[in-house]
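Coordinate-derived values only; no laboratory data. Keep in mind the model is a prediction, meaning the values are calculated, not measured. We place every Cβ from the backbone using ideal geometry, glycine too, and count neighbours over all the protein chains shown.
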Amino acid sequence: MKKILVANRGEIAIRVMRTAQKMGIKTVAVYSTVDRNSPHVKFADEAVLIGEAPSNQSYLLGEKIIEVAKSLHVDGIHPGYGFLSENADFAELCEKNNIVFIGPKSHAIRVMGSKLAAKEAVKGYDIPMVPGTDEAITDISEAKTIAKTIGFPILIKASAGGGGKGMRIVDTEAEFESQMNRAISEAVNAFGDGSVFIEKYVGSPRHIEIQVMADTHGNVIHLFERECSIQRRHQKVVEEAPSVVLTPELREQMGQAAIKVAKACDYVGAGTVEFLLDEYKNFYFLEMNTRLQVEHPVSEIIANVDLVELQIQVARGEMLPIKQSDLKITGHALELRVYAEDPLNDFLPSVGHLEVYKLPEGTGIRVDNGFEQGMDVPIYYDPMLAKLITYGKTREEAIQLMLKAIADYQVKGIETTLPFGTFVCQHEAFTSGDFDTHFVKKHYSPEALKDEAEHEAKIAALVAVKQYLEDQKLLRIPTN
Ligand code: MV4
């Protein structure tokens, strides 16, 4: 592979191109009109304008992107995350045009894109799953009988959903039918597929996912877990690795389960197997994400690997250069997603001009960033500016470094989730490790953030006064 095209923008496009560059591979960026001055365009060896700002007129134009790739003699396309990354038709189109799709085969994307097909595929692999139905519900009264056996509350999920889309909690038998009818019509509207199934509702779970990596020679390894319970309306905000709650035994069990899920769909490349972990530490397979995920850096740090490099090696048909037994966890890593959103105003997008934009630097700090000072943040795409990643020997060290890095991160012109990161890192529930997916709902309010800001301002004022008095003393010495 001599040249790859990155079919993405922002921090992930740069992240992928960095590794390509390190491997001596030429890079091609694609961009929309609003991104013409973006860092990912400047970073690439070549860059091609592919269309207007709306992603369906640019970053989602698979055929156009393949045309560009062919005309520039590109060997492989890296899709990043979002956009075309989990589009099975696009993966197939690449294959048809003799361009390597740096990701799994279209078969695996298709199977895992349907929750019911995924359940079907892993049947017989002895993977723990939440009690429920494994076929689309056609008979509502039959489903109600099953729901009663499982016990309320139950969750209705759309087969074509995922990442929290198309889910509905049913608390009592009385509302079962009406909720079921709503769920089906919602699924038809949202996904064009009305298939739904039911599961027992796990009340206070943690979201733990396992990073896997597979080559075309049948080798599959896992790179431990990421704890992603700190999320808001299914949008992750803080991720970490390892999780404070996994014992080495549980980690091994979940890792082996994840490897089996990957084998069940003939997986190739980097993938993530999502599990719920209940309060008794039972784990259940939820879904598999067939892409490199946003939060992959925390795994890279604790496992000491470059996941993009592994993706490219595997895509070239090489054997994985590492075995499971080569891997061990070193240290602890945290990631804060820096969104252009206002945490004091219901996380509304805060787009505008980056008047000041300076990144923190130092040992134990990694920033995967897609923006620079003087740029406008466009309204057309995901509002994530960067990922602030810190790491240390211990979790405490990574948390303290995160607080310092947030304080050193200078942004003026727009609001960001940086203060929210401070809130999380100072919260007792987070520092103690005693939290679940309800953390934000349970503990966060704009008032709590304001209180904390005032508290910090007071401390800053006290420190300033103390310093002032000390300076006075020093100044007085010669005069006394
Ligand atoms: C669940 C669940 C409780 N019980 N399934 C949400 C995203 C999708 N991947 C699956 N999700 C859930 N499935 C059962 N049977 C709770 C969630 C869930 C959740 C999962 C992971 C992270 C955050 C979450 C927030 C709300 C609900």
> Are there GluC sites (Glu not before Pro) in the range 67-136 that DSSP puts in a loop and that have at most 11 other Cβ atoms within 10 Å, and which ones?
Replying inline: 135
>> Can you list residues from other chains, or at least 5 along the same chain, whose modelled amide H is less than 5 Å from the amide H of residue 161?
In response: 115
> Rounded to the nearest 0.05, what FRET efficiency is calculated for residue 219 and residue 142 with R0 set to 45 Å and r the Cβ-Cβ distance?
Replying inline: 0.55
>> Can you sort 363, 416 from fewest to most other Cβ atoms within 10 Å of each residue's own Cβ?
In response: 363, 416
> Given a cut-off of 39 Å, what percent of all Cα-Cα pairs of the chain lie beyond it?
Replying inline: 25 percent
> Looking at the range 289-392, which trypsin sites (Lys or Arg not before Pro) are DSSP coil and have at most 12 other C-beta atoms within 10 Å of their C-beta?
Replying inline: 323, 328
>> Cut-off is 10 Å between beta-carbons; in what order do 368, 326, 139 appear when sorted fewest neighbours first?
In response: 139, 326, 368
> Based on Cβ point charges of +1 for Lys and Arg and -1 for Asp and Glu, what charge dipole magnitude is obtained for the range 1-155 about its Cα centre, in debye rounded to the nearest 20?
Replying inline: 560 debye
> Can you give the percent of C-alpha pairs in the range 206-443 whose distance is more than 25 Å?
Replying inline: 43 percent
> Classify the range 131-200: rounded, prolate or oblate, from the alpha-carbon gyration tensor (a ≥ b ≥ c, eigenvalue square roots; a/c under 1.5 rounded; otherwise prolate if a/b is larger than b/c)?
Replying inline: prolate
> Hey, got a sec? Which chymotrypsin sites (Phe, Trp or Tyr not before Pro) in the range 275-304 land in a DSSP loop and have at most 16 other Cβ atoms within 10 Å?
Replying inline: 280
> What's the center-to-center distance, using Cα atoms, between the range 47-100 and the range 286-322 in Å?
Replying inline: 21 Å
> If you place +1 on the Cβ of every Lys and Arg, -1 on the Cβ of every Asp and Glu, and leave all else neutral, what size is the dipole of the range 189-282 about its Cα centre, to the nearest 20 Debye?
Replying inline: 160 debye
> How large is the dipole of the chain about the Cα centre if only Lys and Arg carry +1 and Asp and Glu carry -1, each at its Cβ, rounded to the nearest 20 debye?
Replying inline: 860 debye
> Too long at a 31 Å Cα-Cα cut-off: which of 236/404; 3/260; 42/236; 96/236; 105/358; 148/442?
Replying inline: 3/260; 96/236; 105/358
>> Let's test the formula: R0 of 51 Å, r as the Cβ-Cβ distance of residue 319 and residue 428. What FRET efficiency results, to the nearest 0.05?
In response: 0.65
>> Can you give me the long-range amide H partners of residue 232? Hydrogens built in the peptide plane at 1.01 Å from N, cutoff under 5 Å, separation of 5 or more residues or another chain.
In response: 237
> Just going by the charge dipole of the chain, with Lys and Arg at +1 and Asp and Glu at -1 on Cβ, which of 43, 290, 152 is farthest out on the positive end?
Replying inline: 43
> Is any residue of the range 407-450 close enough, with backbone N under 12 Å, to a label point placed 7 angstrom from the Cα of residue 169 along the Cα-Cβ axis, and if so, which?
Replying inline: 437-439, 441-442
> How large is the helix-only mean residue ellipticity at 222 nm for the chain, computed as the sum of -39500 (n - 2.57) over DSSP H runs with n ≥ 4, divided by its residue count, in deg cm²/dmol to the nearest 500?
Replying inline: -11500 deg cm²/dmol
> Can you give the % of DSSP beta bridges in the range 3-102 that are antiparallel, to the nearest 5?
Replying inline: 0 percent
